[in-house]
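Here is the structure we will look at.
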Amino acid sequence: MLTESPEQKKHGIPVVVLKNGDFKNKEDFDLELIRILKNNSVDLVILAGFMRIITSTFLKAFPQKIMNIHPALLPSFPGFMDRNRLWNTASNYPAVPCILLMKA
C-alpha cells in the first residue's frame, strides 16, 4: 500500500509512505510512484482516497490498469465523504463506483 499516512502499518499491511509535498511537482511525484509500483511488480493500480490528479506519465505507465474507487455515488451523491449520506437514505442503489482510467 502506498499512502501519505503511515497509519496502516499498525494493521500489519506493508506500507510505503510517499508524501506529495516532498516533491517539486506532480511529474516527479508520479515518477517516484511509478518506480515503486514497478519495483514491486504491481500490475493493477487501485486508487482509493487518492485525492489528486495523476499525470499522463502515470496513465501511460499502467495502460488500462488503473481503477479509481470514488467515495460517492454520482450524480445523486457528489462530493467527498457523501457515501455517508448514501448509506443513510432509502437509496435503491447503495454502491461505490469503480472507474477504469484511460488516457483521453
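All of the numbers you see were taken from the coordinates with simple rules; none came from a lab. Everything quoted here is computed from the prediction, not taken from an experiment. Here the Cβ positions follow ideal geometry from the backbone for every residue, glycine too, while neighbour counts run over all protein chains shown.
So how far apart, in nm, are the two label points at residue 39 and residue 64 if each is 7 Å from Cα heading toward Cβ?
Placing both labels 7 Å beyond Cα along the Cβ direction yields 3.0 nm.
Using per-residue counts of other Cβ atoms within 10 Å, averaged over each peptide, order 33-42, 54-63 from highest down.
Highest mean packing first, the order is 54-63, 33-42.
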